[in-house]
Amino acid sequence: MKTSLYAAIAAVVLFGLLGSVYVVREDQTALVLNLGRVVRADIKPGLHFKIPLV
């Protein structure tokens, strides 16, 4: 019982972490939007992390 509970919690945490990573390729640019408004426009190429929705 406890093992399945721990496995379920670990799966939720893993999916949350995987959903918070994004990659900007060298030939792309990225924008950070908040409710449709541009918050940042200087996202450089590379691996980036965002705060997942809780």
About the Cα centre, charge dipole magnitude for the stretch 2-49 (Lys/Arg +1, Asp/Glu -1 at Cβ), debye: 180
Among N34, P45, A10 - extreme Cα towards positive end, dipole of the stretch 2-49, charges at beta-carbon: A10
C-alpha long axis of helix 2-18 to longest principal axis of the chain, angle in °: 0
The chain: trypsin sites (Lys or Arg not before Pro) in DSSP coil with no more than 12 other Cβ atoms inside 10 Å: R25, K50
Chymotrypsin sites (Phe, Trp or Tyr not before Pro) restricted to the stretch 1-50 and DSSP loop, no more than 12 other C-beta within 10 Å: none
Alpha-carbon radius of gyration plus Dmax, which is the widest Cα pair, for the chain in Å: 15.7, 49
Around Q28: net Lys/Arg minus Asp/Glu count, Cβ-Cβ under 14 Å: -1
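Bear in mind these aren't lab numbers, they're just calculated from the coordinates by the rules spelled out. From a predicted model like this one, the values you see are computed outputs, not experimental measurements. So basically every Cβ, Gly included, is an ideal-geometry build from the backbone, and we count neighbours across all protein chains shown.
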